[in-house]
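Take a look at the structure set out below.
The values are calculated or read from the model by the stated rules, or taken from the named source; none is laboratory data. This is a predicted model, so every value here is computed, not measured. Neighbour counts run over all protein chains shown; Cβ positions are idealised from the backbone, glycine included. We work out accessible area using only protein heavy atoms, side chains counted, and drop any ligands, DNA or RNA first. Shrake-Rupley method; radii C 1.70, N 1.55, O 1.52, S 1.80 Å.
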Amino acid sequence: MYTADTAAHHDHAHGAPRGIMRWLTSTNHKDIGTLYLWFSLFMFFFAGALAMLIRAELFQPGLQLFQPAVFNQLTTMHGLIMIFGAIMPSLVGFANWQVPLMIGASDMAFPRLNNWSFWLLPAAGLLLIATFFVPGGAIAGGWTMYPPLYIQGGVAYDMSILAIHILGISSIMGAINIIVTILNLRAPGMTLMKMPLFVWTWLITAFLLVAVMPVLACAITMLLTDRHFGTHFFDAAGGGDAVMFQHLFWFFGHPEVYIMILPAFGIVSTIIPTFARKPLFGYVSMVYAVASIAFLSFIVWAHHMFTTGMPVGGQLFFMYTTMLIAIPTGVKVFNWVATLWRGSITFETPMLFALAFVFLFTIGGFSGLVLSLVPVDIQLQDTYYVVAHFHYVLFSGSAMAIMGGIYYWLPKWTGHMYDETLGKIHFWLTAIAFNITFFPMHFLGLAGMPRRIPDYALQFADFNMISSLGGFLLGASQLLFLYTVIKCVRGGAPAGNKPWDGADTLEWTQTSPPPYHSFVTPPQIKLVRGRSHANAR
Amino acid sequence: MQTHAEHDVYYVPPPSIWPLVGSVALLVLASGFVMLLHKIAAGPYVMALGIGILLVMLFGWFSTVIRESLAGKYSDQVDTSFRWGMVWFIFSEVLFFAGFFGALFYARILAVPWLADAQMLWPGFTAAWPTAGPGVKTVLTPVDAWGLPALNTLILLSSGATVTWAHWGLQKGRQFQLKLGLALTIILGALFISLQIHEYGEAAFTIRDGIYGATFYMLTGFHGFHVMLGAAMLTVIFLRALAGHFTPGRHFAFEAVAWYWHFVDVIWLMLFVFVYWL
């Protein structure tokens, strides 16, 4: 257990400013974390609404509601906004709230830069959403932005390139802030190998962000110059190669996948020990597993491109490296299970989400392993099997870990307990509706249904209807999530400093909600019953 | 183990308007750029407005930081944060250039030879570097590495030496050496940029001339832009040196800009070898 020997709390010269300026000009990691979380929730519902439209179109074969061009806009924007608007910002929101609290820091290392990282998001979001209203409509070439399609589009394509540039600036600055905070602002006594695992996952994630966002920036800059300034980077007539874009994009894109899952691992690794009332099993191996996954993420990118064409040696290399990822990921899954072993487990809402994560993410991981096999991938490329796979890792992986994390820390953030009954209903609805929506997609993909089409052959009709019904239920269930969160923010049973008796990280030594400025003087960290290897005898 | 008394309170700045101003600036700038690309008359003006707001933001934000620094609000721990921050920023810049170098190597080593192999598609095209590609009918005459580029290498390397000499002066409390070294560095930087512009004017090919033109101008252009940025930063540091802001013990702003300048220097060496010479 972490115990904080806190000195008497004294206020900074500035408390919480009143009114709208508190949010616009904030330099407080908690306020900025809250902004990130609300922004991502809004974007989650926006992109979720697009998903509802997609499922409505696919409810039956034949063109129902949208022309193919509009349908392509829906899938593209759903993907882009969920990734850059919902999942990533919400994880940064967690980092903002939790990293300083968990390492005993007074705030982030660069509080003003932190605020800029946030306020760039609405600017980029505005540019991105505005593309629906320009001539030609929103971008429709898929979130991966492949040329030559992406080079041929209209105004929306330029707007999205610049929006992604702004998002990139935000991500890089945010990541630098997180790295520096973790490296430089840990309380005395909190050595690297005593940090909570959530902090470790974010340190490594932030490193990935700083390393790959610039490569994305460079790739989309080349798209922009190919579009307007006559370059031939992706045009064979000028000696360029459209495949080069795919290499650059996936050099970013694959680490990006881990950017979205590693902090989720961190959240789950925090929740499971709490409700199993046991220290995390194999802390050190967890740290090394996360680092190995991050390293491997740089050398697997072309497994997204097996059908694009590459030498057999390249296919083999990327197949084997991809399979290697299963090893550190397996270490993590086994450690979570071993943490549960002989624990005094209770099943509060966060724990339900965490357990569902372990189960469902593993399914997504296995379908990923299936896709890593070159011959199988050539069969399954661009089918619904792939859609099923990445929703198992992104929704039942990242998004459900995020929801679990929200329920876990809401009492700390708001000072109120959430409604446990509503939380559990939300969990079961989500978990069941998710599987109804996405499990049939495996069958659709194996049977050959291509993705990104508004119409399909008749033999796919039944599974699509089941999937759409599940999708509508999944969407509706999230309204219950919104209601439960708002209800908790507005009031509820007092949470007390530490509502979870098994929790042992530093934030629980603070009041709920924590003071506006916590740990103004760094606490002394004493590890009584630790998660660190030194104490785990 | 340290006790509380040994720890300064980490400085958390009060609320600030500048981040929001910066976001508005980038939104206006991006919107103006989109308008410009699509030939909407207001485009350049909107862009200019965005750049104006951005400059106001940079001035306001850095003024605040400088004031706080002079007021002694930054403990050693804050100083360490700045150092780490700059290191990771330069790391991200390295990756940015790595992407463009990756494009160069990919095109030269893989894409162009593959195109030459596809005789059915491009009869008569042979893989040679530099090339404008099979579909662009220009004969490429590359810039001779041992002309202006070699001179520019000498200039930029010398500027790296002068900025280090200025740093030695600063560390030993010789303010004149600091100011002279900085002035020389800025002059050499300006000379480099002028020669680059001259080289662009003389070059027998444009950015539209196939993959060679594209990679050449993209790499040298982004590098030149970074040199300009570095020179602007050096100018601010020079003005601050004139105002006597730096002491031998405390001058991270100087060091950050010097690191950045050396980074730009190293990128140039890569450019010289892989873009101009080999």
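Taking a cut-off of 26 Å between Cα atoms, list the lysines near A:Lys194, but don't count ones fewer than 8 places away on the same chain.
Those lysines meeting the cut-off are A:Lys30, A:Lys278, A:Lys332, A:Lys412, A:Lys498, A:Lys526.
Quick one: P(r) of region B:76-277 from all Cα-Cα pairs, 5 Å bins, percents rounded to integers, in order of increasing distance.
Pairs per bin, as whole percents: 1, 7, 14, 16, 16, 13, 10, 8, 6, 4, 3, 2, 1, 0.
Compute the signed sum of charges (Lys and Arg +1, Asp and Glu -1) over the other residues within less than 10 Å, Cβ to Cβ, of A:Thr307.
It works out to a net charge of -2.
Report, in whole Å, the centroid distance computed from the Cα atoms of region A:322-343 and region B:165-221.
So the separation of the two Cα centres works out to 52 Å.
Would you work out the relative contact order for chain B, in percent, from Cα pairs under 8 angstrom that are 6 or more residues apart?
17 percent
State to the nearest 20 debye the size of the charge dipole of chain A about its Cα centre, where the only charges are +1 on K and R beta carbons and -1 on D and E beta carbons.
Its charge dipole is roughly 1380 debye.
For region A:14-114, which trypsin sites (Lys or Arg not before Pro) are both in a DSSP coil and crowded by at most 15 other Cβ atoms within 10 Å?
Passing both the DSSP loop test and the Cβ count: A:Arg18.
Show the residues, 5+ positions off or on another chain, whose built amide H is closer than 5 Å to the amide H of A:Thr383.
Those lying under 5 Å, H to H, from A:Thr383 are A:Arg451.
Any chance you could give the angle, 0 to 90 degrees and rounded to 10, that helix A:88-103 forms with the longest Cα principal axis of chain A?
Taking Cα atoms only, the helix is inclined about 20 degrees.
Given H placed on each backbone N at 1.01 Å, which residues far from A:Gln524 in sequence or on other chains put an amide H within less than 5 Å of it?
A:Asp5
Treat each spin label as a single point 7 Å out from the Cα along the C-beta direction, and report the B:Val87 to A:Arg342 distance in nm.
So the two model labels end up 4.2 nm from each other.
Using a 10 angstrom Cβ neighbour count of at most 12 plus a DSSP loop assignment to flag exposed chymotrypsin sites (Phe, Trp or Tyr not before Pro), which longest range of chain A is free of such sites?
Maximal segment without exposed cleavage sites: A:1-340.
Take peptide A:166-179, look around each residue's Cβ out to 10 angstrom, count Cβ atoms belonging to other protein chains, and average those counts.
On the way: counts 5, 0, 2, 3, 2, 1, 7, 5, 0, 2, 8, 3, 1, 5.
Rounded to a whole number, the mean comes out at 3.
Could you derive backbone 3J(HN,Hα) for region A:247-255 from the dihedral phi with the Karplus parameters 6.51, -1.76 and 1.60 (θ = phi - 60°), listing whole Hz in sequence and x where the residue is Gly or Pro?
4, 5, 4, 7, 4, 7, x, 6, x
On a 0 to 90° scale, report how tilted helix A:68-81 is relative to the longest principal axis of chain A, with both axes built from alpha carbons and the result rounded to the nearest 10.
Here the helix axis deviates by roughly 20 degrees.
Once you have a ≥ b ≥ c as the square roots of the Cα gyration tensor eigenvalues for region B:219-278, tell me rounded if a/c is under 1.5, and otherwise prolate or oblate according to whether a/b is larger than b/c.
Cα axes put region B:219-278 in the prolate bin.
Using helices alone, what [θ] at 222 nm do you get for the protein assembly as shown, with -39,500 (n - 2.57) per DSSP H run of 4 or more residues, divided over all residues and rounded to the nearest 500?
Theoretical 222 nm ellipticity from helices: -22500 deg cm²/dmol.
From the phi angles alone, apply the Karplus equation (6.51, -1.76, 1.60; θ = phi - 60°) to region A:330-346 and give each ³J(HN,Hα) in whole Hz, x where the residue is Gly or Pro.
x, 4, 5, 4, 5, 5, 5, 5, 5, 5, 5, 4, 6, x, 8, 7, 10
Taking a ≥ b ≥ c as the square roots of the eigenvalues of the Cα gyration tensor of region B:19-133, is the shape rounded (a/c under 1.5), prolate (a/b larger than b/c) or oblate?
It is oblate, given that a/c is not under 1.5 and a/b is not larger than b/c.
Might you tell me the accessible area per residue for the protein assembly as shown, computed with a 1.4 Å probe and given in Å²?
For the protein assembly as shown, the per-residue accessible area is 38 Å².
Among B:Leu229, B:Leu140, B:Val275, pick out the residue whose Cα is farthest towards the positive end of the charge dipole of region B:76-277, where Lys and Arg carry +1 and Asp and Glu carry -1 on C-beta, about the Cα centre.
Going by the charge dipole, the pick is B:Leu229.
Using Cα atoms only, what is the angle between the long axis of helix A:111-130 and the major principal axis of chain A, expressed in degrees (0 to 90) to the nearest 10?
Value to nearest ten degrees: 30.
Could you check the spin-label model distance between A:Asp501 and B:Leu110? Points 7 Å from the Cα along Cα→Cβ, value in nm.
It is 5.8 nm.
Which of rounded, prolate or oblate describes the protein assembly as shown when judged by the alpha-carbon gyration tensor and an a/c cut-off of 1.5?
Since a/c reaches 1.5 but b/c is at least a/b, the shape of the protein assembly as shown is classed as oblate.
For region A:394-507, calculate the relative contact order in percent as a whole number, restricting contacts to Cα pairs under 8 Å that are 6 or more residues apart.
In percent, rounded to a whole number, it is 43.
A:Phe366 to A:Phe133: FRET efficiency via 1/(1 + (r/R0)^6), r the Cβ-Cβ distance, R0 35 Å, to the nearest 0.05? Display every interim value, and only then the final one.
On the way: r = 42 Å, r/R0 = 1.19.
E between A:Phe366 and A:Phe133, to the nearest 0.05, is 0.25.
Pop out the carbon and sulfur fraction of the accessible area of chain B as a percent, whole number, probe 1.4 Å.
Accessible surface attributable to carbon and sulfur in chain B totals 73 percent.
Residue by residue, what Karplus-based ³J(HN,Hα) values in Hz, rounded to whole numbers, does region A:426-440 have, using 6.51, -1.76 and 1.60 with θ = phi - 60° and x for Gly and Pro?
Coupling constants for region A:426-440: 4, 4, 5, 4, 4, 5, 6, 5, 4, 5, 5, 5, 9, 5, x Hz.
Going by amide H atoms built from the backbone, whose H comes under 5 Å of the H on A:His416, apart from near neighbours?
HN-HN under 5 Å from A:His416: A:Ala495.
With r defined as the distance between the Cβ atoms of A:Val489 and A:Phe66 and R0 fixed at 35 Å, what FRET efficiency is calculated, to the nearest 0.05?
0.45
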